[in-house]
Amino acid sequence: MAIIGFDTTVFPKLDYKNPRKFWKQIKELERFFSNHKEDLSQVIENVPALRAAFDKLDPLIQSYTAKVCPYCGTVCCANKFGFPEFADVVCFLAMDLDIPRYDLDVDEEAICQFIGEKGCVLPRIQRPYRCTWYFCDPLLVQLEIGPARHYRSFVADLQELSMARGKLLEAFYTIWTKGNNSKQ
């Protein structure tokens, strides 16, 4: 399965192990969005496609996680995976979503702070991207043994999400690099 997207390694890493630095990085991104509203129109025009892709993919993923996750003996949703990357925050801000109030002083190996009785309490669109594309072996098995049309739909929808997110991030990166180069 070829997933088309954007290489997010070009962005700085958010340092969740240093809460002061983490929240400073978030505030800097929020300021960038605030100070470059007009320039970011190219980014914002990609938001409807990204939202639509999340909306399309979510029901299928939810139906499978509802079957598998409650019976799992090893929860793979750990705090360290629930913290966002820079690109996640860019997407949240572009979509005008609130940044979840992460408790950075939790045990990073413990079950994610956003896991409730019925799974993640955050809407899929407000979770780190890895929470959408990561599938443990039991989930993959369920997808593979389920109806073939569900699997084909899942693959197509995941590619659509990846492409929509990639276009948004590419547009942001172009503006962000110009904005940061003009400061130097």
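Listed values, structure above:
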item: Filtered residues of the range 37-50 (kept if surrounded by 14 or more Cβ atoms within 10 Å (Cβ to Cβ), modelled with pLDDT of 95 or more and of a type outside the set (Gly, Ala, Ser)); result: LEU40, VAL43, ILE44, ASN46, VAL47, LEU50
item: Residue check, GLU160 over 20 Å from LEU60 (Cα atoms) and charged (D, E, K, R); result: no
item: Unmet criterion (only one of (1) under 24 Å from CYS136 (Cα atoms); (2) under 12 Å from the mean Cα position of the chain (by Cα)) for CYS91; result: (1)
item: Failed criterion for THR65 (all others in (1) out of contact with any Phe, Trp or Tyr (no Cβ under 8 Å at 6 or more places or on another chain); (2) over 30 Å from TYR151 (Cβ atoms) hold); result: (2)
item: Residues satisfying the stated conditions in the range 56-97, i.e. modelled with pLDDT of 95 or more and of a type in the set (Asp, Glu); result: GLU85, ASP88, ASP96
item: Residue match in the range 67-76 (condition: loosely packed, with under 15 Cβ neighbours inside 10 Å and of a type in the set (Val, Ile, Thr)); result: yes
item: Residue in the range 129-142 that is closer than 27 Å to ARG51 by Cβ and out of contact with any helix residue (DSSP H, G or I) (no Cβ under 9 Å at 6 or more places or on another chain) present; result: yes
item: Check on ALA2, within 30 Å of ILE145 (Cα to Cα) and either at pLDDT below 90 or of a type in the set (D, E, K, R) (or both); result: yes
item: Elements of type helices (runs of 4 or more DSSP H) contained in the range 1-110, each with 2 or more residues being in contact with a helix residue (DSSP H, G or I) (Cβ under 6 Å, 6 or more places away or on another chain); result: 19-35, 41-44, 47-68, 86-94
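Residue-wise test of (1) hydroxyl-bearing (Ser, Thr, Tyr); (2) loosely packed, with under 13 Cβ neighbours inside 10 Å; (3) without any contact (Cβ under 8 Å) to a residue 24 or more places away in the chain; (4) touching a Leu at 6+ places or on another chain (Cβ under 6 Å).
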site	(1), (2), (3), (4)
ASN79	no, no, no, no
ASP88	no, no, no, no
PHE114	no, no, no, yes
CYS120	no, no, no, no
TRP133	no, no, no, no
CYS136	no, no, no, no
GLN142	no, no, no, no
ARG149	no, yes, yes, no
LEU161	no, no, no, yes
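The values are calculated or read from the model by the stated rules, or taken from the named source; none is laboratory data. Please read all numbers here as calculations on a predicted model, not as lab measurements. Cβ sites come from the backbone with ideal geometry, for glycine too, and all protein chains shown count toward neighbours.
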